[in-house]
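K.L.:
Quick one: this structure, given as structure tokens, is what I'll be asking you about.
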Amino acid sequence: MTPNAIKSASVTPAEEARPLWQRFDRWWLLFVGAVVIAAVLITQEPDPYRRIFVFLQDGIRVTLSITVVSFLFILLAGLIGGLGRVAKNPIVNGIASIYVEVIRGIPLLVQLLFIYYASPILLQDLGVRLVGIWPTFGAMLINIKLNPFGAAVVGLTICYGAYVSEIFRAGIESIPKGQMEAARSLGMNYFQAMRYVILPQAVRVILPPLGNEFVALLKDSSLVSVVAVADMTRRGREFMAFTFMPLETWMMVALLYLVMTLFFARVVAYIERETSFVR
């Protein structure tokens, strides 16, 4: 079946008969409304809203960058964790299960603080113990200094990777077991069957919750401000500190977060509709 035929099959005759205005995703209007409000504040009240927006621009770039980079690593961690959760090997399954259960039981903020402030102490202590056995590696650990951006990416990846692992596990287990048996009977090994048969079918199940996790990650990225990352939240705190304008500052920060989350939420909804093929 061609892609166009698949797309046509995903739209029922009743949906085709509906007027275009009824098929339009009306939640886009909320996004447009948030953009209009932000634009009016910036243009009609340049002091302080234009100043706040200009001050926050580099923070917006950092927020989007850390969200996208972290999400790419989260997908990899979630895939590995999900495969580990459905593995028949008890050691692999046990390690993946412990990772998921432990990490999901610790708040993200605590994990970020531990990685940035506590993990260097552990690594330096390990370096002191290894310097006599492996001088070069031991000295590297003793002198280690974490980059705030890198530490934030690691923290977000470890935390969200545990949740995404469960999404991958649920998606894989939603595929009938006969699919794996059929693939193995054709001569495929386990990994080939997963790559070419199971995972492509699981994508449709996995995609909607993955999109929701991306939007949640965008909002939770505000927590990285506690580890010296100059994201939008931290830049807002800096602006408030020297202008003493908490109401205007946090109103603009909240509005910009709302614009970004509404936009990506609508993109996720569109992708979900386009990939929800009829069985």
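K.L.:
Looking only at G161, G132, G105, which one moves most when the chain is put into a Gaussian network model with springs between Cα atoms under 10 Å?
P.N.:
G132
K.L.:
Let me ask something additional. Among 144-153, 181-190, how do they line up from the highest to the lowest mean number of other beta-carbon atoms within 10 Å?
P.N.:
So the order, starting with the most tightly packed, is 144-153, 181-190.
K.L.:
I need the peptides 36-42, 253-259, 192-198 ranked by packing, meaning the mean over residues of other C-beta atoms within 10 angstrom, with the highest value on top.
P.N.:
Packing proxy ranking, top to bottom: 253-259, 192-198, 36-42.
K.L.:
Test of understanding: in a Gaussian network model of the chain with alpha carbons linked when under 10 Å, which of L30, L126, L207 would top the mean-square fluctuation ranking?
P.N.:
L126
K.L.:
What residues qualify as long-range amide H neighbours of V229, i.e. H under 5 Å apart, gap of 5 or more or another chain, H built at 1.01 Å from N?
P.N.:
none
K.L.:
Specify the residue with the greatest mean-square fluctuation among L217, L141, L112, computed from a Gaussian network of the chain linking alpha-carbon atoms under 10 Å apart.
P.N.:
Maximum fluctuation in the GNM of the chain, among the listed residues, is at L141.
K.L.:
Given labels modelled 7 Å from the Cα in the Cβ direction, how far is it in nm from A118 to V68?
P.N.:
3.3 nm
K.L.:
I'd like the FRET efficiency for F24 and N189, computed as 1/(1 + (r/R0)^6) with the beta carbon distance as r and R0 of 30 Å, rounded to 0.05.
P.N.:
After rounding to 0.05, the efficiency reads 0.05.
K.L.:
Using a 7 Å offset from the Cα along the Cα-to-Cβ direction at both Q201 and V40, what is the distance between the two label points in nm, to one decimal?
P.N.:
5.2 nm
K.L.:
Quote the charge dipole size of the chain about the Cα centre in Debye, to the nearest 20; the model charges only the Cβ of Lys and Arg (+1) and of Asp and Glu (-1).
P.N.:
500 debye
K.L.:
A follow-up question, please. Could you give each residue of the range 180-194 its phi-based ³J(HN,Hα) in whole Hz, using Karplus coefficients 6.51, -1.76, 1.60 with θ = phi - 60°, and x for Gly or Pro?
P.N.:
So the J values, rounded to whole Hz, are 5, 5, 5, 5, 5, 5, 7, x, 6, 7, 4, 5, 5, 5, 5.
K.L.:
Using a 10 Å cut-off on Cβ atoms, rank the peptides 43-52, 57-66 from the highest mean neighbour count down.
P.N.:
Ranking, from highest mean packing down: 57-66, 43-52.
K.L.:
Another one. Thinking of the chain as a set of Cα atoms, what percent of all their pairs are more than 30 Å apart?
P.N.:
Details: 18862 of 38781 pairs.
Within the chain, distances greater than 30 Å cover 49 percent of Cα pairs.
K.L.:
With the other protein chains left in place, how much accessible area per residue, in square angstrom, belongs to the chain at a 1.4 angstrom probe?
P.N.:
58 Å²
K.L.:
Using a 1.4 Å probe on the protein chains only, how many percent of the accessible area of the range 192-263 belongs to carbon and sulfur?
P.N.:
Accessible surface attributable to carbon and sulfur in the range 192-263 totals 67 percent.
K.L.:
Further, regarding this structure: Using θ = phi - 60° and the Karplus curve 6.51 cos²θ - 1.76 cosθ + 1.60, what whole-Hz ³J(HN,Hα) does each residue of the range 42-52 get, with Gly and Pro shown as x?
P.N.:
Each residue of the range 42-52 in turn: 5, 7, 8, 10, x, 10, x, 5, 5, 4, 5 Hz.
The values are calculated or read from the model by the stated rules, or taken from the named source; none is laboratory data. Note that the structure is a prediction, hence the values are computed from the model and not measured. A quick note on method: Cβ atoms are made from the backbone with ideal geometry, for glycine too, and the neighbour counts reach across all protein chains shown. All accessible areas refer to the heavy atoms of the entire protein, side chains included, with ligands and DNA or RNA removed. Shrake-Rupley method; radii C 1.70, N 1.55, O 1.52, S 1.80 Å.
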